[in-house]
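The values are calculated or read from the model by the stated rules, or taken from the named source; none is laboratory data. Just so it is clear, the structure is predicted and the values come from calculations on it, not from any experiment. Neighbour counts run over all protein chains shown; Cβ positions are idealised from the backbone, glycine included.
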Number of protein chains: 2
Amino acid sequence: MRLVFVSQNGSSNEVEQDLEDILQRGGELYHPGFSIDCAIFGFHANQLKVLLLKVKNTGRWALPGGFMLKNEDVETAAARLLKARTGLEHVFLRQFYLFGDLARNDEAFNRQRLRKENIQASAEHWFLQRFLTLGYYALVDFAQAVPRPDYISEDCAWWDLHEVPALMLDHNRILDKALETLRLQLTYQPIGYNLLPEKFTMTELQCLYETILGRKLDRRNFLRRIQSYGILRRLDERRDGVAHKPPYLYRFDLPAYEQALRQGLNGAW
Amino acid sequence: MRLVFVSQNGSSNEVEQDLEDILQRGGELYHPGFSIDCAIFGFHANQLKVLLLKVKNTGRWALPGGFMLKNEDVETAAARLLKARTGLEHVFLRQFYLFGDLARNDEAFNRQRLRKENIQASAEHWFLQRFLTLGYYALVDFAQAVPRPDYISEDCAWWDLHEVPALMLDHNRILDKALETLRLQLTYQPIGYNLLPEKFTMTELQCLYETILGRKLDRRNFLRRIQSYGILRRLDERRDGVAHKPPYLYRFDLPAYEQALRQGLNGAW
DNA sequence: CGGGTATGCGTTATTATGACGCAAAGTATA
DNA sequence: TATACTTTGCGTCATAATAACGCATACCCG
């Protein structure tokens, strides 16, 4: 299932104006030969979703990405891109790998994109150079994120992770590596705060874990383990309207959660 | 303790010739605004060591680093730099973080370096631009690594990790982050193959772990745990000449070791 | 030849983990 | 209204992993 949202005009205080302008002036604005791509994960209907853009003139879907301004921290640039695409700030956002193979560049592909925008470009044009791309992954609250296409894309949508198509360039590899990192992270850090609504059931949290790990977990053992982390608070509230025994609602104990983020959960040594 | 080695002329088949040449032609040769810095770890006398360079005209020590050629994979560039500094190939070498704060750059500092080399440089000179640096860490066999200064340095030496001085630019932070990553890696991957000689005692391996973790471990529990990983083979040989009961020698079971590298040790979930 | 020291091989108590049982509380259906 | 069905909440039990520690041994050294 692909959820399509109505495009919103998000170019209020953005640096980026329109594609033609960017392609012309990018050389002055951006740090050369460097881009950022984000795997933005959300969780909805017990499925892990990833936000993808449909890139103009290519017919391909891709990870949201962009460039870093010459006077901008890498971290700030990634946060700016995330906000531009989802409207969200202060969410979990972490770099995971710099992709720097020669093979990841495809000059012919990019040249064609310029041509379709009717842009004259010499071989030295900034957009035709080799790019290193830094992968970031973000975990966001699906309900609060409002996908918006950017200047380079004609569509923006949440995709079910199992249905992601062949992406532009090496973006499938980037997405795979993001997932792999996320899975590893699960073993030594808490997760969920930015992916679930404020109140949630234990089963929903378990579903999140199962989705990331790609396998089923025992419900009762999961409860015991999560509780041992001491990052959850069970509320006196239950979710009702369900066709069975109403489950308790939980919320994260934010101070404890953030401490666990810093200190790790239960490192082996 | 600082171990100083006699400089060897390692500029045989290197790309890099001399400092002046590099600073002049770097703009043509290298990917712009991007560098690589390596935290090269070795283990000797039951101490974790890191290889540092003394940078010409600055009086400062720094992590070995360099630039990536325009037609070179990032991974290849890192391996090239490592080989140039230690002579070693095919060792454990892994990127861990891209440092991209604006604050990490110090144009005045670099301008002074150029001035001391009597190089005329306009504000657009490639060396004076903002640089992102990708951190790599390497684990090498101390005995086989032969430190060699490069075109940019006047000395090259192993430093005890606890005695590392204030380094150039943000290199202390890079080194700290490398250690932190190494520590984390210890919890889900085997370590030691590239840091210890072929045959070693269990106590030596334990010392390595203790050094990285920064705390003492119980000798008997350590043995049991390491054995459970199934990556060691005990030899019928003992180390003698020691003033106590001669300990067995071990070696890594390479196939099992490499499988553990790929699959992880015993992930929590 | 005895002191000093690190080694090899244990034990024990406690905690963590995996697999599973079962009554309760709701809705859906008959 | 009664029954089926599902998921929940809480629990058990056997086994594995972990932490803390005991002790005789084998070597060098003086």
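Within the range A:20-47, which residues are aliphatic (A, V, I, L, M), at negative phi and without any contact (Cβ under 8 Å) to a residue 60 or more places away in the chain?
Of the range A:20-47, the ones aliphatic (A, V, I, L, M) are A:22-23, A:29, A:36, A:39-40, A:45.
Of the ones still in play, those that are also at negative phi are A:22-23, A:29, A:36, A:39-40.
Listed by number, the list holds a single entry, A:Leu29.
Scan the range B:198-221 for residues that are in a helix (DSSP H, G or I), in contact (Cβ under 8 Å) with a residue 12 or more places away in the chain and either within 10 Å of DNA strand C (Cβ to nearest atom) or not aromatic (Phe, Trp, Tyr) (or both) and report the count.
Residues flagged as in a helix (DSSP H, G or I), in contact (Cβ under 8 Å) with a residue 12 or more places away in the chain and either within 10 Å of DNA strand C (Cβ to nearest atom) or not aromatic (Phe, Trp, Tyr) (or both) within the range B:198-221 amount to 11.
How about the range A:192-216: which of its residues are within 11 Å of chain B (Cβ to nearest Cβ), under 16 Å from A:Leu265 (Cβ atoms) and either at pLDDT 95 or above or surrounded by fewer than 16 Cβ atoms within 10 Å (Cβ to Cβ) (or both)?
Correct list: A:Tyr209, A:Leu213.
Is it true that A:Gln189 is within 14 Å of another protein chain (Cβ to nearest Cβ) and part of a loop (DSSP other than H, G, I, E, B)? Walk me through how you get there before you give the answer.
Numbers: within 14 Å of another protein chain (Cβ to nearest Cβ): yes; part of a loop (DSSP other than H, G, I, E, B): yes.
Against the criterion (within 14 Å of another protein chain (Cβ to nearest Cβ) and part of a loop (DSSP other than H, G, I, E, B)), A:Gln189 qualifies.
Which condition from (1) modelled with pLDDT of 95 or more; (2) in a helix (DSSP H, G or I); (3) farther than 30 Å from B:Gln206 by Cβ is the one that A:Arg234 breaks?
Every condition holds for A:Arg234 apart from (2).
For residues in the range A:159-172 being closer than 23 Å to A:Tyr97 by Cβ and not in a helix (DSSP H, G or I), which is nearest to the chain's Cα centre (by Cα)? Write out each step before concluding.
Just the residues of the range A:159-172 that are closer than 23 Å to A:Tyr97 by Cβ, to begin with: A:159, A:161-162, A:164-172.
Checking the rest, the ones that are also not in a helix (DSSP H, G or I) come to A:159, A:164-170.
Details: A:Trp159: 11, A:Val164: 14, A:Pro165: 16, A:Ala166: 17, A:Leu167: 15, A:Met168: 16, A:Leu169: 17, A:Asp170: 16 Å.
Ranking the candidates gives A:Trp159 first.
Every residue in the range B:76-109 that is under 26 Å from B:Leu184 (Cβ atoms), within 14 Å of chain A (Cβ to nearest Cβ) and surrounded by 17 or more Cβ atoms within 10 Å (Cβ to Cβ), please.
B:Ala77, B:Ala78, B:Ala79, B:Leu81, B:Leu93, B:Gln95, B:Phe96, B:Tyr97, B:Leu98, B:Phe99, B:Gly100, B:Arg104
Pairs needed: first member in the range A:120-144, surrounded by fewer than 20 Cβ atoms within 10 Å (Cβ to Cβ); second member anywhere, part of a strand (DSSP E or B); C-beta distance under 8 Å; at least 6 residues apart or different chains.
Filtered contacts from the range A:120-144: A:Trp126/A:Tyr30; A:Trp126/A:Pro32; A:Gln129/A:Pro32; A:Gln129/A:Gly33; A:Arg130/A:Gly33; A:Arg130/B:His31; A:Asp141/A:Gly42; A:Ala143/A:His44.
Could you please find all residues in the range A:249-269 being away from chain B (no Cβ under 14 Å) and in a helix (DSSP H, G or I)? Even if it seems obvious, please write down each step before you answer.
Applying the first criterion (away from chain B (no Cβ under 14 Å)) to the range A:249-269 yields A:249-259.
Within the range A:249-269, A:Leu254, A:Pro255, A:Ala256, A:Tyr257, A:Glu258, A:Gln259 qualify.
When you check B:Trp158 against the structure, is it aromatic (Phe, Trp, Tyr) and farther than 30 Å from B:Glu28 by Cα, yes or no? If you could, list the steps in order and put the result at the bottom.
Details: aromatic (Phe, Trp, Tyr): yes; farther than 30 Å from B:Glu28 by Cα: yes.
It is true that B:Trp158 is aromatic (Phe, Trp, Tyr) and farther than 30 Å from B:Glu28 by Cα.
Consider A:Leu175 carefully, then state whether it is surrounded by 15 or more Cβ atoms within 10 Å (Cβ to Cβ), away from chain B (no Cβ under 14 Å), of a type in the set (A, V, I, L, M) and part of a loop (DSSP other than H, G, I, E, B).
Numbers: surrounded by 15 or more Cβ atoms within 10 Å (Cβ to Cβ): yes; away from chain B (no Cβ under 14 Å): yes; of a type in the set (A, V, I, L, M): yes; part of a loop (DSSP other than H, G, I, E, B): no.
Criteria not met by A:Leu175.
Any residue at all in the range B:232-249 that's under 30 Å from A:Ile212 (Cα atoms), more than 8 Å from DNA strand C (Cβ to nearest atom) and not acidic (Asp, Glu)? Let's see the steps before the verdict.
Here is the first cut: in the range B:232-249, the ones under 30 Å from A:Ile212 (Cα atoms) are none.
Looking through the range B:232-249, none of the residues is under 30 Å from A:Ile212 (Cα atoms), more than 8 Å from DNA strand C (Cβ to nearest atom) and not acidic (Asp, Glu).
Taking A:Arg225 and the conditions (1) away from DNA strand C (no atom under 15 Å from the Cβ); (2) modelled with pLDDT of 95 or more, which numbered condition does it fall short on, given that it satisfies the others?
Failed condition: (1).
Report, ordered by the first and then the second residue, all pairs with beta carbons closer than 6 Å, sequence separation of six or more or different chains, a first member in the range A:48-71 that is away from chain B (no Cβ under 14 Å) and without any contact (Cβ under 8 Å) to a residue 40 or more places away in the chain, and a second member that is outside any strand (DSSP E or B) and among the charged types (D, E, K, R).
none
Quick one: B:Pro246 ticks every box in (1) within 14 Å of another protein chain (Cβ to nearest Cβ); (2) without any contact (Cβ under 8 Å) to a residue 40 or more places away in the chain; (3) assigned to a loop (DSSP other than H, G, I, E, B) bar one, so which box is it?
That leaves (1) as the condition not met.
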